[in-house]
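Everything below concerns the one structure shown next.
Just so it is clear, none of the values below were taken in a lab; they were calculated from the coordinates. Computed from a predicted structure; not experimentally measured. Heads up, the Cβs are rebuilt from the backbone with ideal geometry, glycines too, and the neighbour counts pull from every protein chain shown.
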Amino acid sequence: MDIYVKFVEGAGLTDITLSETIINSNNERINSLSRKFSKDLKHFNGFACLAKYDFQGLPVEYYNIPFEHCRLEIKSSGEYTGRVAVHPDWTGQTGKVFHLQDVKFVNKYDPSKVIDQLVEVGGPENYLGQVFYFTADGEWEYPISPFDPIITDMLTEESVSDC
């Protein structure tokens, strides 16, 4: 899997000016964001990028959202709403109690809808942005883990090693 990440990540961008461009208020550079995407792609077969916008509807910042924090929101009919639900601990591993009000619902990436969405929420200070949600299994799909084809073998090896 490390070879896969090295292949996906490569040597970063060849244009030094572009690769060193700061893309958010955390002073993160494009190459750093690319590495985070590569690691999520390695572990989860997908990645998520948050685009934040100014009052004119122009993109001003980009952030990685850890892919494991993302879930696709669905209606009771089973259809996707076009939003990604983001929460840092869906499984409760941190020991904190899960509260639905802690979940952030972010619209999917569609720059043509930014102005309407900004107006709807009352301006950029209230606007969460848009999520570019990518999976290697297709648009708006929960990806199958890259480990899925060998999980049975992994479990067998683990059980044998305990003897």
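Please specify each residue of region 98-120 satisfying the condition of being of a type in the set (Ser, Thr, Tyr) and surrounded by 15 or more Cβ atoms within 10 Å (Cβ to Cβ).
If the condition is that a residue be of a type in the set (Ser, Thr, Tyr) and surrounded by 15 or more Cβ atoms within 10 Å (Cβ to Cβ), then Tyr109 is the only one that fits.
Would you list the strands (runs of 3 or more DSSP E) that sit entirely within region 11-80 and hold 3 or more residues that are without any contact (Cβ under 8 Å) to a residue 40 or more places away in the chain and closer than 28 Å to Gly122 by Cα? I'd like the intermediate steps shown before the answer.
Details: elements: 46-53, 59-65, 70-74.
Where strands (runs of 3 or more DSSP E) fall fully within region 11-80 and carry at least 3 residues being without any contact (Cβ under 8 Å) to a residue 40 or more places away in the chain and closer than 28 Å to Gly122 by Cα, they are 59-65, 70-74.
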